[in-house]
Amino acid sequence: MVRFLVTGKSRRPNNCNTFLIMAKTVKINATDGSSIEFVDEMIGSGGMKDVYFSPDKSYVVAFFRDKQDFNAKDRLQNITGVYRDRIFNQQGGDYWQDLYCWPTKIVEYNGKLGIVCPTYQKHFFFSKGSVNNDFLGIKGKEKEGKWFASAKNQNKFLAPEEKGDWFKYFQICIRISRAVKRLHAAGLAHSDLSYKNVLVDPATGRAAIIDIDGLVVPGKYPPDVLGTPDFIAPEVIETQHLKITDPARKVPSIATDRHALAVMIYMYLLYRHPLRGGKVNDLDCAKDEEYSMGSKALFIEHPTDKSNQVKVNQLNPSQLPQGDPNKTPYTVCGPYLKTLFDKAFIEGLHNPAARPTANEWEDALLKTVDLMQPCQNQGCWHKWFIFDNTKQPKCPFCGTVYKGQLPVLNLYSSRRAGTFTPDNYRLMVYNNQYLYQWHVNRNISPNERLTEDQKKPVGYFVFHNNKWLLINQRLNDLEDKSEGKVIPINQAVELTDGKQILLSKEEGGRLMIVQLVTG
């Protein structure tokens, strides 16, 4: 039995308005024969399920309100069985535990089908909530991604402690991209990928995908829903009037996940929607929505078709300045992401085959992180910006111009002995920044396959006595090629303009050429 303190009317003379009731603990067996317990006191209710805590709150049991057919049950058996095994019960499977809230078991009780899921981790609940002593009452509630993807929420409602900084949002996007990549590699589509089905924590840069029970297996398990408005792919909206059996009808799939992923990344980094501009496609509101998100969808920052530009005078003041693309155009996200946004919202908006994959987003986000600089304005909320490849770089959010010498490291790698080829990869330097093995060797990527040794820094950068230095911590081959000097471990090499520094002699080893930008 579990005790819950609840509020209610009291007849006691001291007007105490609390009393204790006993909530029954229900014990049942999951379909795999294991024992499951839950407290018979509903803690939440979603669109399809009612949720109950386990006695120790380590997991929840969610029962579908409507009767589920054979196909739905078979889908859940595969999700909790073979598909879960493919991701979690393989080498490195532990890595994925933090990126999903994946159902573990199936239960049946009083004629209803249910699933067992781990409880959300503590950092996915608001600790401060909203401003003005949490006037919205969200403290203790889940950090649904929708809270962090709009300028209005960021500027008007969220407590400062909940917002994080721009660097953390890149980490969030990397984790989401990586989790989606793994689903797609397993042949699965989420079907309802949106900021409602992703939990994020900007304070730590963590993210987790939820509502896994509706996964689509192309050719076997069709989608249960079309998706969440704002994230449904244009082709799905455009063909939703057709019968589900019509071969021309488009339904959620890996291709539509890719659209949703692009929208989510754009919104987390820029706090506005990429398709909601000022163009009116029909005077009827419902038709206008259908056209604007479907057959006539148009990128608000399209370089040649300006007809869907944002009309700033129609925005609420709380949406500014982020809601105005003229103030913070999508190019502030750097060259790698600009290319992918073009693919997603220009080339691929109405051509699903042209959309960037989750793997492409992950790679571009990782490269972009290496272009980031801390803003020198301590009051800048974003705290970071991306090097704009100019001689006088400045933060696009607060306008602070960078002052001092800024080392830009252009990376080259060897394809054959004695030759180095540009990698289209740069590393920006800031004080106390680390150098890692994925910077040293192009054959190593900073993803889920990193070994514990590869996660350790191999060097770090410091600004000391008016000089930029690279301190060698673990590199056996570090060499100042410009001066023909080997740099032993625990020694330093100065970063001067044009300096060539060999990082590794191994296959895929890199050479970096220093470029000093003076602000």
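The values are calculated or read from the model by the stated rules, or taken from the named source; none is laboratory data. A quick note: this is a predicted structure, and the numbers were derived from the prediction, not measured. Cβ atoms come from the backbone with ideal geometry, glycine included; neighbour counts cover every protein chain shown.
If you go through segment 37-53 and keep only what is more than 26 Å from the chain's Cα centre (by Cα) and charged (D, E, K, R), you end up with Glu37, Asp40, Glu41, Asp50.
Working carefully through the options Leu215, Leu261, Leu226, find the one that is crowded, with 17+ Cβ neighbours inside 10 Å and without any contact (Cβ under 8 Å) to a residue 60 or more places away in the chain.
Details: Leu215 fails: without any contact (Cβ under 8 Å) to a residue 60 or more places away in the chain; Leu261 fails: without any contact (Cβ under 8 Å) to a residue 60 or more places away in the chain.
When all the criteria are applied, what remains is Leu226.
Within segment 385-402, can you find the residues that are of a type outside the set (Ser, Thr, Tyr), surrounded by 11 or more Cβ atoms within 10 Å (Cβ to Cβ) and out of contact with any Leu (no Cβ under 8 Å at 6 or more places or on another chain)?
As a first pass, look at segment 385-402 and keep what is of a type outside the set (Ser, Thr, Tyr): 385-389, 391-399, 401.
Going one step further and asking which of them are surrounded by 11 or more Cβ atoms within 10 Å (Cβ to Cβ), we end up with 385-389, 392-398, 401.
Residues satisfying the conditions are Phe385, Asp388, Asn389, Gln392, Lys394, Cys395, Pro396, Phe397, Cys398, Val401.
The single condition from (1) under 20 Å from Ala364 (Cβ atoms); (2) within 20 Å of the chain's Cα centre (by Cα) that Pro303 fails is (2). Of Leu183, Leu199, Leu193, which residue is within 18 Å of Pro103 (Cβ to Cβ), modelled with pLDDT of 95 or more and part of a loop (DSSP other than H, G, I, E, B)? The conditions single out Leu193.
With respect to Gly498, determine if the residue is at pLDDT 95 or above, on the phi > 0 side of the Ramachandran plot and of a type outside the set (A, V, I, L, M, F, W, C). When the stated conditions are applied, Gly498 passes them.
Matching residues to (1) more than 21 Å from Val369 (Cβ to Cβ); (2) without any contact (Cβ under 8 Å) to a residue 60 or more places away in the chain; (3) β-branched (Val, Ile, Thr):
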position	(1), (2), (3)
Arg442	no, no, no
Leu450	no, yes, no
Gly459	no, yes, no
Phe463	no, yes, no
Leu469	yes, yes, no
Gln473	no, yes, no
Asn476	yes, yes, no
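Output the residues belonging to segment 442-473 that are among the small types (Gly, Ala, Ser) and within 30 Å of Gln90 (Cβ to Cβ). Give the derivation first.
Just the residues of segment 442-473 that are among the small types (Gly, Ala, Ser), to begin with: 445, 459.
Across segment 442-473, the qualifying residue is only Ser445.
Within segment 86-97, being charged (D, E, K, R) and either part of a loop (DSSP other than H, G, I, E, B) or loosely packed, with under 14 Cβ neighbours inside 10 Å (or both) holds for one residue alone: Asp94.
Tell me, yes or no, whether segment 152-160 has at least one residue that is buried (at least 16 other Cβ atoms within 10 Å of the Cβ), in the same structural domain as Val51 (by TED's automatic domain parsing) and touching a helix residue (DSSP H, G or I) at 6+ places or on another chain (Cβ under 9 Å). No: segment 152-160 contains no residue that is buried (at least 16 other Cβ atoms within 10 Å of the Cβ), in the same structural domain as Val51 (by TED's automatic domain parsing) and touching a helix residue (DSSP H, G or I) at 6+ places or on another chain (Cβ under 9 Å).
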